[in-house]
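Undergrad: The structure that follows is given in the form of C-alpha cells.
No lab work stands behind these numbers, since they all come straight from the coordinates. Owing to the predicted nature of the structure, the values given are computational and were not obtained by experimental measurement. Neighbour counts are summed over all protein chains in view; Cβ atoms, including those assigned to glycine, are modelled from backbone coordinates with ideal geometry.
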Amino acid sequence: MKIEKNHIDGLLVIKPDVYEDPRGYFFESYNAEKFKQHGIDVTFLQDNESLSGKSVLRGLHFQVPPYAQGKLVRVVRGAVLDVAVDLRKSSPTYGQWASITLTEQNKWMYWIPPGFAHGFVTLEEKNIFFYKCTQVYHKESELGIAWDDPDLKIEWGVADPVISEKDKNGMKFREFISPF
C-alpha cells in the first residue's frame, strides 16, 4: 500500500497493492495499523454507498462539529472526479480545493479528514461510490457549499451535471463562517 500526500495538508491518496490472477483480484482496502502509521488514527462509525448514473454531481457536503466527519472514499464501479475543499480557517490552504479521479480500475482511495467539504461528479454510465465515515450522519449538522461557487471555481469537467434540489441550494463560500 502506498500513501501519498496531497498539496493540501491532510488529504491523502491511498494506492493499494492489487493482486490479480486468472480468478480476479484482491486488495486490502483498509488496515488500521497501516493507516495509523500515516496519521489516520480514527474509528469508522458508518459506511455509505451510492449508485449514480453519468454526470451526477453530489456535493459539496460536510457536517459541523461535534458531528464533523472524516471520510475514506473509493469507487467500486465506474469513475468519479472527487473534490475536497479546505474549510479549516487556520489552514494556509483555506478555501482551496483538490481533486482526484477515482476509478474501479485504479482502486485508489482518498482520505478526507474533518474540516473539508466533499463532493464528486460521476464520469461513467453506472457508478458505485463507497465511503467510510468517522461520524454518523446527523441531519441538523449537515451543511453544503454551492457546487458552482464563483469564488471556489471548481473545475468539475461536466457542462450540465444532474444535481439534487438540496445541492442546487448550497450556500456561497463567502457566506460560510467556518467552525473548523
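Undergrad: Got the relative contact order for segment 2-175 handy, in percent, Cα pairs under 8 Å and 6 or more residues apart?
TA: Dividing the mean separation by the residue count of segment 2-175 yields 30 percent.
Undergrad: When you count, for each residue, the other Cβ atoms within 10 Å and take the mean per peptide, how do 59-72, 110-123 rank with the highest first?
TA: Put in order of decreasing packing, that is 110-123, 59-72.
Undergrad: List the residues of segment 41-84 whose backbone N lies under 20 Å from a point placed 7 Å from the Cα of Glu124 along the Cα-to-Cβ direction.
TA: In segment 41-84, the label zone of Glu124 (backbone N under 20 Å from the point 7 Å along Cα→Cβ) covers 48-58, 73-83.
Undergrad: Follow-up. Under a plain spin-label model, where a point goes 7 Å from the Cα along Cα-to-Cβ, how far apart in nm are Ser164 and Asp17?
TA: That separation, rounded to one decimal, is 3.9 nm.
Undergrad: May I pose another question? Mind jotting down the three principal axis lengths of the chain based on Cα atoms? Whole angstrom, largest first.
TA: 53, 36, 29
Undergrad: Given the pairs Lys34/Lys89; Lys36/Lys71; Lys34/Lys71; Lys15/Lys36; Lys89/Lys132, which span a C-alpha to C-alpha distance of over 19 angstrom in this model?
TA: Lys34/Lys89; Lys89/Lys132
Undergrad: Can I ask one more? Nearest 20 debye, what's the magnitude of the dipole of the chain about its Cα centre given +1 on Lys and Arg Cβ and -1 on Asp and Glu Cβ?
TA: Magnitude of the dipole: close to 200 debye.
Undergrad: Let me ask something else. Measure out, as a whole number of angstrom, how far apart the alpha-carbon centroids of segment 20-39 and segment 67-86 sit.
TA: If you average the Cα positions of each part, the centres end up 18 Å apart.
Undergrad: By the scheme Lys and Arg +1, Asp and Glu -1, what is the net charge of all other residues having a beta-carbon under 10 Å from that of Asn48?
TA: 0
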